[in-house]
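One structure is given below, encoded as structure tokens.
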Amino acid sequence: MKHTEISNDVYKLFNKDVHLLFGYTPTCGTCKISERMLDIANEMTKLPINKCDLNFYPEFCEEYEIQSVPVLFIMKQEKVIKRIYAFQSVPYIVENIQKVIDDKNLS
């Protein structure tokens with residue numbers, strides 16, 4: 001089952017409990033590598049992902065103070081729990097996502 005959505009609505013998954021928002025721009029080479037790493041990491045965590053071209057969301061970028069791309073928000077509904085700019089490795093991404101999932105299960 002595919003969990004990824006490339007969306008025209010950056011807020012589309014904000015009603016989901018734990019989800020991922022991946023922000024990129026199409027001309028960013030690092031974004032393409034990071035997206036592949038995220039796809040591999042999410043094979044284990046299986047969270048819904050919304051992938052958005054941030055060129056179309058300047059207000060969102062300002063509101064959430066996005067400093068650069070790629071960016072991964074690990075979110076609970078509309079609240080950013082963790083923000084990742086440096087996609088160091090697949091295990092690093094999995095570990096950060098899993099921490100949020102585990103914290104949710106403890107609450």
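Identify all lysines with a Cα-Cα distance to Lys82 below 21 Å; exclude those on the same chain that are fewer than 8 residues away in sequence.
Within the straight-line limit of under 21 Å, Lys82 reaches these lysines: Lys12, Lys16, Lys32, Lys46, Lys51, Lys99, Lys104.
Bin by bin, in steps of 10 Å, what percent of the Cα pairs in the chain do you find, going until the bin that has the longest distance?
With 10 Å bins starting at 0, P(r) equals 15, 54, 30, 2.
In terms of Cα to Cα distance under 16 Å, which aspartates and glutamates are near enough to Lys79, apart from those fewer than 8 places away along the same chain?
Hits, sequence-local ones excluded: Asp17, Glu62, Glu63, Glu65, Asp103.
Considering only protein heavy atoms, what per residue accessible area in square angstrom results for the stretch 20-107 with a 1.4 angstrom probe?
Numbers: 4800 Å² over 88 residues.
Normalised by residue count, the accessible surface of the stretch 20-107 is 55 Å².
The values are calculated or read from the model by the stated rules, or taken from the named source; none is laboratory data. The model shown is predicted, which means the values in this text are computed figures rather than measured ones. Each accessible area value is taken on the protein alone, full model and side chains, heavy atoms only, with ligands, DNA and RNA left out. Shrake-Rupley method; radii C 1.70, N 1.55, O 1.52, S 1.80 Å.
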